[in-house]
Each structure stands twice: as C-alpha cells, then as structure tokens.
There are 2 protein chains.
Amino acid sequence: MKIAILLYEDMTALDAIGPYEVLSRLPDAEVKFVAERAGLVKTDTGFLRLSAEYSLSEVPEADVLLVPGGPGDAAVRRNEEILGWVRGIHEGTRFTTSVCTGSLILGAAGLLRGLRATSHWTQLEVLRGFGAEPTGERVVVQGKIVTAAGVSSGIDMGLRLLQTIVGDDFAQAIQLGIEYDPEPPFDCGSPRKAKDHVVQMVRAAMDGAYA
Amino acid sequence: MKIAILLYEDMTALDAIGPYEVLSRLPDAEVKFVAERAGLVKTDTGFLRLSAEYSLSEVPEADVLLVPGGPGDAAVRRNEEILGWVRGIHEGTRFTTSVCTGSLILGAAGLLRGLRATSHWTQLEVLRGFGAEPTGERVVVQGKIVTAAGVSSGIDMGLRLLQTIVGDDFAQAIQLGIEYDPEPPFDCGSPRKAKDHVVQMVRAAMDGAYA
C-alpha cells in the first residue's frame, strides 16, 4: 500500500502525523512524504520542520494520497504545479484524502465538485466556492474521496480507512496499539458543543491565521 | 513558556507531535526540538524524519520538558548523556512530562522513584524496575511530573497542562481550534475494552518491536 503525504510550508503538523501514525502501521505500508521540492518543510508554528524525502516528480502515483491543512493551504491553492500533481495522483488512487483545510486544496484541484465534504469548522463555507457541499461531519466519505474535519480528526479518518482496507480486527489492533481511548478534558471540540465566547476566540484567531 | 521536546532515533512521532500541536499554541510558547546531536531524526516506522534544531548542550533549561516514547527508548535508557540532560532540565522545569514509553526514560533518569506513573499499556510493569507504581490511567499527575499512556494520549495530556497553565477558557479554545471532538470508530482503545484476540495481536507486535 503506497501512501503519499503532501508537505508544504505553513502546514499543520498533526494533520499529517495523526493519519500517518495510523496508516504507516499497515503491514505493507510504504509511506512517502512529498513536497514541491525535497528537503525540510517548516510547519505553521515555525518551531518544527518535517523532512520531505521526495519531490513531486519522484512520486507519480500512490494508493492513498493524504493532503493536510494549515494556513499555508492558501499558497498551495494558487500553485499549479502542486495542484497538477494532486490531480495526477488522484487518477490512480484507491483513496484521495484530506485533513482540515487540506480539503480546500482538493477543491482547488477541482476534485470536490458536486460532492459533500468537510474541513476545519471555521472554513467550511469556503468549500462552496469549489462546488462542494460542506457538512459538519467529522469524516465524510464520497466514493474514494475522504475529507476529515479540523486537525485532530485525521486520526479518526485514518482508522476508518484502515477498517475499510484491512477490516475490523486489524483496525482495532492499531487503535489499541496507539491507545486511542480519548479523554479530552472538555466536551468542547466542536462548535456545536463549545461555549459561545470560546467559539469567538477561535474564530478571531483563525481569521488572523487564514487572512 | 519554554518547551523542550526530546527527539531520538526510533521514537514514535505522534507521541511528540500530539502534545506539541497543543502546547505550541500557548501565546508565549517557544518550542525547541532537541536531540543528542542537532539534525534529522528517523522515527520508528523508518518513513519519517523530524528535524532536531538543537543539540542537548544548546538547551540547558525549559519550563516544560516532553519526552516521547517509541522502540528507541531502550537505547536512550542506556545513554548517560541524554539521561543526564533530562535530570538537569528537570531541576528547573515547571512540568516534566512523558508520553508512552517516554516514562521509562524518566524512570531510567531516576525521576519516578516512589511515584505513580503510566506508560504504554504493554510496558506498564517495566515501570516497577524504576521504583514507580504503574497505573492504568491515561494521564497521571504527580507534582510536576506528568506521565501519559500510549501514543495518542499526549493530546489529552497537553490539553490538561494547558488547563493548569492558562485556565479553562484558553484550553477549551485550543481544543476547539484543533477540533478535538474524537469519534474513534471502535471502543477498543484500552486493553480493558478491546477483544481478547485484539489485545493478543498488539502484545505480539509490541513484544517484537520492544524485544
């Protein structure tokens, strides 16, 4: 199972690393971290750099494509070289996936027209501009296109993919292996559950980051 | 808030990136990824390299120390240079923390004697060798030493730390910002909840990785 994970400047690390940690445990996984040019990629906080071992042209195909999100998505949506690569890989994938605002990149590549899709909750309406119908679900499966909501949702998406690819027992073993028995300190991880003033705090911060 | 995250060969990426993604969003966060020698660090799958921007001697102090786990913990537990650094940093921390088998490294550094602590569920008994009392809890707070269970638990630990450091509102905003409203596909993330044969699958895999 060939898994290609796109990296780009100012992406959010957990968007990629959550599903990577799950999918890389497939017995036949071969994971390639890919960027426009191979080398170190600075993530959105400025504190962490991930190593892209491959440039786009070195990875012409994959069974699973994963596109993470982050404030850098805006530049990627204007980058025809990366968008063309996404379209090309998508032709041969078994699953084309995104986490957070990675779905806006799939949208800019023209892959979401007429489909239901999700994204970070603050950016859902942007999906309409790409002909997609935004939903507030955490993981949205539309044929082979699978979009996940904000940042941490990629772990849930990865496990859902594993369930489809190798079945319940193996997916459960991976979930147990990463001890994914969440105990969030608050029940506020969705705008439907959080207090109004907390929702406004996040909207203000995101408006700054995604301006 | 100075946050030092230890990186080492054959660590598990999500152990570090989960809490990093939470703690780095503190308004005054200054996160340093530190390894024995600065440079690229290969994680346990062999597919991903993280960039350690600093070597040990360049980071003599921190407010929060985070030690991730992974199969590489065994070599670190025999590495007096790293253990000495952990002890030194710990003297001045506000919180000394670990995820997964990172607690075995804290144990080897002599920091867990007489304390309750947790680790990956397959490795809990190893803690006794360091004079610690293993518990099956997801996050264990003992004064300024905070240990978390396997891999994904670092996200919960990071949010708990934020709650202590900056209070409920800000911690809730971060939880909502990373849309941490988990929907695991199965209720099997703890050995108490998983089916017996799934528990055995993971034990066998971990015995191989941690042999």
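Just the residues that are under 16 Å from the mean Cα position of the chain (by Cα) and over 17 Å from residue A:142 (Cβ atoms), please, taken from the range A:86-99.
Within the range A:86-99, just A:89 meets the criteria.
Going through B:104, B:26, B:48, B:65 one at a time, which residue ends up being at pLDDT 95 or above and more than 12 Å from the chain's Cα centre (by Cα)? Steps first, answer last, please.
Working: B:104 fails: more than 12 Å from the chain's Cα centre (by Cα); B:26 fails: at pLDDT 95 or above; B:65 fails: more than 12 Å from the chain's Cα centre (by Cα).
Selected residue: B:48, the only one of B:104, B:26, B:48, B:65 that is at pLDDT 95 or above and more than 12 Å from the chain's Cα centre (by Cα).
Within the bounds of the range B:15-25, is there any residue that is in a loop (DSSP other than H, G, I, E, B) and more than 9 Å from chain A (Cβ to nearest Cβ)?
Step one: list which residues in the range B:15-25 are in a loop (DSSP other than H, G, I, E, B), which gives B:24-25.
Then keep just the ones that are more than 9 Å from chain A (Cβ to nearest Cβ); that gives none.
Scanning the range B:15-25 turns up no residue that is in a loop (DSSP other than H, G, I, E, B) and more than 9 Å from chain A (Cβ to nearest Cβ).
What is the one condition in (1) of a type outside the set (A, V, I, L, M, F, W, C); (2) crowded, with 24+ Cβ neighbours inside 10 Å; (3) under 21 Å from residue A:144 (Cα atoms); (4) within 10 Å of chain B (Cβ to nearest Cβ) that residue A:12 does not satisfy?
Failing condition for residue A:12: (3).
Given the condition in contact with a helix residue (DSSP H, G or I) (Cβ under 9 Å, 6 or more places away or on another chain) and at the interface with chain B (Cβ under 10 Å from one of its Cβ atoms), answer yes or no: does some residue in the range A:132-142 qualify?
yes
Among what's in the range A:62-74 and is among the small types (Gly, Ala, Ser) and out of contact with any Asp or Glu (no Cβ under 7 Å at 6 or more places or on another chain), pick the residue that is surrounded by the most Cβ atoms within 10 Å (Cβ to Cβ).
From the range A:62-74, those among the small types (Gly, Ala, Ser) are A:62, A:69-70, A:72, A:74; that's our starting set.
Subsequent filtering for residues that are out of contact with any Asp or Glu (no Cβ under 7 Å at 6 or more places or on another chain) retains A:62, A:74.
Details: A:62: 23, A:74: 16.
Looking at the filtered set, the residue picked out is A:62.
Please tell me if residue B:91 is more than 14 Å from chain A (Cβ to nearest Cβ), in a helix (DSSP H, G or I), in contact with an Asp or Glu (Cβ under 7 Å, 6 or more places away or on another chain) and among the charged types (D, E, K, R). Working first, answer last.
Numbers: more than 14 Å from chain A (Cβ to nearest Cβ): yes; in a helix (DSSP H, G or I): yes; in contact with an Asp or Glu (Cβ under 7 Å, 6 or more places away or on another chain): no; among the charged types (D, E, K, R): yes.
Judged against the criteria, residue B:91 is not a match.
Those residues that are crowded, with 22+ Cβ neighbours inside 10 Å, over 12 Å from residue A:23 (Cβ atoms) and either more than 9 Å from chain B (Cβ to nearest Cβ) or of a type in the set (Phe, Trp, Tyr) (or both), I need them from the range A:156-211; list them, please.
Answer for the range A:156-211, where residues must be crowded, with 22+ Cβ neighbours inside 10 Å, over 12 Å from residue A:23 (Cβ atoms) and either more than 9 Å from chain B (Cβ to nearest Cβ) or of a type in the set (Phe, Trp, Tyr) (or both): just A:180.
Across the range A:69-84, which residue is farthest from residue A:138 (Cα to Cα) among those that are touching a residue at least 40 places away in the same chain (Cβ under 8 Å) and not in a loop (DSSP other than H, G, I, E, B)?
At the first step, the residues of the range A:69-84 found to be touching a residue at least 40 places away in the same chain (Cβ under 8 Å) are A:69-76, A:79, A:81-82.
Pick out the ones that are also not in a loop (DSSP other than H, G, I, E, B) and you get A:73-76, A:81-82.
Numbers: A:73: 19, A:74: 22, A:75: 25, A:76: 23, A:81: 29, A:82: 26 Å.
So the residue we want is A:81.
Say we look at the range A:176-200 and pick out the residues that are part of a loop (DSSP other than H, G, I, E, B) and of a type in the set (D, E, K, R); which of these is nearest to residue B:157 (Cα to Cα)?
That would be A:183.
Can you go through B:33, B:95 and tell me which one is among the aromatic types (Phe, Trp, Tyr) and in contact with a helix residue (DSSP H, G or I) (Cβ under 7 Å, 6 or more places away or on another chain)?
Working: B:33 fails: in contact with a helix residue (DSSP H, G or I) (Cβ under 7 Å, 6 or more places away or on another chain).
Selected residue: B:95, the only one of B:33, B:95 that is among the aromatic types (Phe, Trp, Tyr) and in contact with a helix residue (DSSP H, G or I) (Cβ under 7 Å, 6 or more places away or on another chain).
Please state which one of B:126, B:151, B:140 is crowded, with 19+ Cβ neighbours inside 10 Å and in a strand (DSSP E or B).
On the way: B:126 fails: in a strand (DSSP E or B); B:151 fails: in a strand (DSSP E or B).
Exactly one of B:126, B:151, B:140 is crowded, with 19+ Cβ neighbours inside 10 Å and in a strand (DSSP E or B), namely B:140.
Working carefully through the options B:118, B:43, find the one that is without any contact (Cβ under 8 Å) to a residue 60 or more places away in the chain, under 16 Å from the mean Cα position of the chain (by Cα), within 14 Å of chain A (Cβ to nearest Cβ) and more than 29 Å from residue A:30 (Cα to Cα).
After applying the criteria, what remains is B:118.
With (1) touching a residue at least 60 places away in the same chain (Cβ under 8 Å); (2) in a helix (DSSP H, G or I) as the list, and residue A:169 as the residue in question, which single condition is left unmet?
Residue A:169 satisfies every listed condition except (1).
Checking the structure you have, find out if any residue of the range B:144-155 is over 17 Å from residue B:67 (Cα atoms), more than 7 Å from every other protein chain (Cβ to nearest Cβ) and not aromatic (Phe, Trp, Tyr).
Kept after step one, since they are over 17 Å from residue B:67 (Cα atoms), are these residues of the range B:144-155: none.
For the range B:144-155, residues over 17 Å from residue B:67 (Cα atoms), more than 7 Å from every other protein chain (Cβ to nearest Cβ) and not aromatic (Phe, Trp, Tyr): absent.
Can you pull out every residue in the range B:48-68 that is more than 20 Å from residue B:150 (Cα to Cα), within 14 Å of chain A (Cβ to nearest Cβ) and in a loop (DSSP other than H, G, I, E, B)?
B:53, B:59, B:62
The values are calculated or read from the model by the stated rules, or taken from the named source; none is laboratory data. Since the model is a prediction, treat every value here as computed from it, not as a measurement. Note: ideal-geometry Cβ built from the backbone for every residue, glycine included; neighbour counts use all protein chains shown.
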